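In what follows, a single structure is set out as structure tokens and then discussed.
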Amino acid sequence: MYYLYKKAKAKKRARIATVQKDTSNPEPERNEAHEKASGTITRDQAAEEGIGHKKEPSQRTLEEAKFKKHNARVYRWKLVAGLFLPYFIASTDVTIIATALPFIASHFNQIEQLNWIVTAFTITSTSFIPVWGQLADVFGRHAVLQSVMVIMMIGAALAAGAQAWAMLLFGRALMGVAAAGMLNIIKVVLADKVSLKENATNNTVFSLVGGISFGVGPVIGGYLTASNWRWCFILNIPVAACAMLAIFILLRHDLVGPSPCDVPGGRFNRFLYKLSTVDFGGLTLFITAVTLIILGTTWGGATYPWNSAAVITPLTLGTLAFLTFFLYEHLLPPPTSSPTTSRAKNP
């Protein structure tokens, strides 16, 4: 009995001590809003209330992301398959005739003018870059890219079948015009409809293609020259035809189309209106400036001394043409709105 009495008295003493402790240190009232704001909410409470946990993406969101990634990958491979041949031609034409230059010049008895085979291509491939950029914006990527391929085939045919020195240089100049369009429009197409990350990936792929093309160009040219130097130009014709077919099949629906224009009077009037939006004044000044500067640097030290009038004159005129071009573009008024835009603003 005494043992049971002592045990009951100890339990009562412990109960009284617990009540006194709770009374002296009362638990503060829980403020859930304050706990959420201050971050003092416990981990278990956060797990119960869903605080601090990201919402898991739904199955539909995952499928949409996967579908977009798949479409981006397919579009990239279509670009590679459709634009590989044009880029290869434009890059190879720079170096493919390196080993054939002496044979070509000796065939026409123009050894002293040998550098003009390269200069004719360089002038047009440099000066016509902005021309194709504007035309691609106005008339659409696909139409202009196909036109460039046609010009390449015409220039290659003239150079391959040239019976005179002037005909050869004219064909090389046309090939330079086409090469400028290919390289420019391909860079534009790679940047269309893609993010900056995908654009960087696309440009990396084609930079690799360009590097390989520059490297294998002299090898291909040397092999073809062993048979006949004209094959260096004939090769471009079937390759350009295959490129046109690949672009038509793979990319004609994916490339950016022409700028919108709703001019009454038929297709010819719309064509004339679009043509009037091209900056012919600026393009003429740019082509003139680039041509004069390249001529001066080509003649200097090779054909004429650097201090001769034949070198100083084109360099000076080219510099003035560049300054005039910059001033002209600065003073050029902003483009007027098209009829479609005007009707949309004033219905």
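The values are calculated or read from the model by the stated rules, or taken from the named source; none is laboratory data. In this text, all values refer to a predicted model and were calculated from it rather than measured experimentally. All Cβ positions, even for glycine, are placed from backbone atoms using ideal geometry, and neighbour counts span all protein chains on display.
Within the option set 268, 248, 233, being in contact (Cβ under 8 Å) with a residue 24 or more places away in the chain and more than 19 Å from residue 124 (Cβ to Cβ) holds for one residue only, 248.
Picking from residues in segment 92-117 that are surrounded by 18 or more Cβ atoms within 10 Å (Cβ to Cβ) and among the aromatic types (Phe, Trp, Tyr), the one that is farthest from the chain's Cα centre (by Cα) is 108. Restricting 290, 194, 189 to those that are touching a helix residue (DSSP H, G or I) at 6+ places or on another chain (Cβ under 9 Å), farther than 18 Å from residue 90 by Cα, in contact (Cβ under 8 Å) with a residue 40 or more places away in the chain and assigned by TED's automatic domain parsing to the domain that holds residue 143 reduces the list to 194.
Scanning segment 84-117 for residues that are hydrophobic (A, V, I, L, M, F, W, C) and free of Cβ contacts under 8 Å to residues at least 40 places away in the same chain gives 101, 105, 111, 114.
Which ones in segment 261-276 are in a loop (DSSP other than H, G, I, E, B) and surrounded by 10 or more Cβ atoms within 10 Å (Cβ to Cβ)?
Correct list: 261, 262, 263.
Applying a threshold of 9 Å to beta carbon distances and a minimum spacing of six or more residues, or different chains, the list of pairs starting in segment 118-134 at a residue that is more than 15 Å from residue 170 (Cα to Cα) and ending at one that is surrounded by 22 or more Cβ atoms within 10 Å (Cβ to Cβ) and hydroxyl-bearing (Ser, Thr, Tyr) is empty. Being within 26 Å of the chain's Cα centre (by Cα), at pLDDT below 90 and not in a helix (DSSP H, G or I) is a property that does not hold for residue 347.
Residues in segment 241-255 that are under 17 Å from the mean Cα position of the chain (by Cα) and either of a type in the set (Ser, Thr, Tyr) or in a helix (DSSP H, G or I) (or both) were compared, and the one that is surrounded by the most Cβ atoms within 10 Å (Cβ to Cβ) is 247.
Of all residues in segment 278-301, those satisfying the criterion of being under 22 Å from residue 134 (Cβ atoms) and of a type in the set (Ser, Thr, Tyr) are 284, 288, 291. When residue 305 is tested against the conditions (1) of a type outside the set (Lys, Arg); (2) without any contact (Cβ under 8 Å) to a residue 24 or more places away in the chain; (3) more than 30 Å from residue 111 (Cβ to Cβ), the lone failure is (3).
This table checks each residue for (1) of a type in the set (S, T, N, Q); (2) more than 22 Å from residue 135 (Cβ to Cβ); (3) loosely packed, with under 15 Cβ neighbours inside 10 Å.
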position	(1), (2), (3)
173	no, no, no
178	no, no, no
193	no, no, yes
204	yes, yes, yes
210	no, yes, no
214	no, yes, yes
